[in-house]
Amino acid sequence: MKISREVKTGILVVLGIALFIFGFNYLKGQNLFDKSITLYTSYNNVEGLTPSMPVTINGLKVGKVANIGFKGDGSGQLLVELLVNSDFPFSKNSRAELYETGLIGGKAIAIVPDFDNTEQAQNGDFLEGRVKEGLSELVNQRLTPLQEKIERMMVSANGVLTNLNDVFDEKTKANLRNSIAELSSTIKSFKSTSESINQMVKSNQKNIDSVLLNANKLTGDLATVTNKISESNLDQTIADLEATLSNFNGIMGGMENGNGSLGKLLKDDGLYNNLEGATLQLEQLLEDMKLNPKRYVHFSLFGKKAKRYDAEGNEINEDN
């Protein structure tokens, strides 16, 4: 059967359109012969995510991002169309997690499957979208407070430097230079003194060694004496001392109670009064001997009769 030119032309046109559609979808990464399903999710911000970025499950690429656009409900959220061609079953309650692929790379989407025995995800289902914090967000979270602290520190340092400039005027700077110069001179003097001390130590090294040797010997002797003291019968000595103190306490107790000569002397008021009277009379006698020595001492070279005195110290005239 002869085919007309018009039919051939129509067939070629249809085949051309089919090849154009297939090639266009192939260039977009879509294979019309694959069993793929289309899923949707949404995010507030998809910076770094572009179409054709991979969609993974447990790190395995199972699809790609087909399209990104606004949801059209006035919320400003972005609707992301996912093309998934995996036979791996997962629940429609699974999450679509946006994550960073690297420091300098873009972003991709990982499906976190949920095995809750609910209905499996079907073509056109909507998955909950979440954003996983990447390294850049973590770095920003750490660097932002650090940057604020550095800024506050710089402000404080600027204030300190301003105050220092106010304090260190020309006069203060000159005084500081003089102080540093004096400190340098002091250090030089100290260095000279140290050298003199070192020289003195070197000159008297033998004497110093002798002193240290004597000190070492004295320490050894002291250790020997200490050992001998520790080895002596200190317990018996202490016991004897305690017995002596006990006897002394007994004697003192007896004296306090009026026992013995010393006790009677301390406790007998009559004896005390007699001693006090005898002492008084002795004092009066000594006083009278000082005033009237001739009454008690009679000495005559030629045998002259000694004068006599009465109790009041008046001379007795025997001629009367």
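The values are calculated or read from the model by the stated rules, or taken from the named source; none is laboratory data. All values derive from a computational prediction rather than experimental measurement. Neighbour counts run over all protein chains shown; Cβ positions are idealised from the backbone, glycine included.
Remark: GLU119 falls outside the filter, which requires a residue to be surrounded by 10 or more Cβ atoms within 10 Å (Cβ to Cβ), in contact with a helix residue (DSSP H, G or I) (Cβ under 9 Å, 6 or more places away or on another chain) and under 30 Å from ALA96 (Cα atoms). Residues that are surrounded by 18 or more Cβ atoms within 10 Å (Cβ to Cβ) and modelled with pLDDT under 90 were ranked within region 31-48; the one that is farthest from the chain's Cα centre (by Cα) is SER36. Once region 226-239 is narrowed to residues that are part of a helix (DSSP H, G or I) and exposed (fewer than 10 other Cβ atoms within 10 Å of the Cβ), the residue that is modelled with the highest pLDDT is GLN236.
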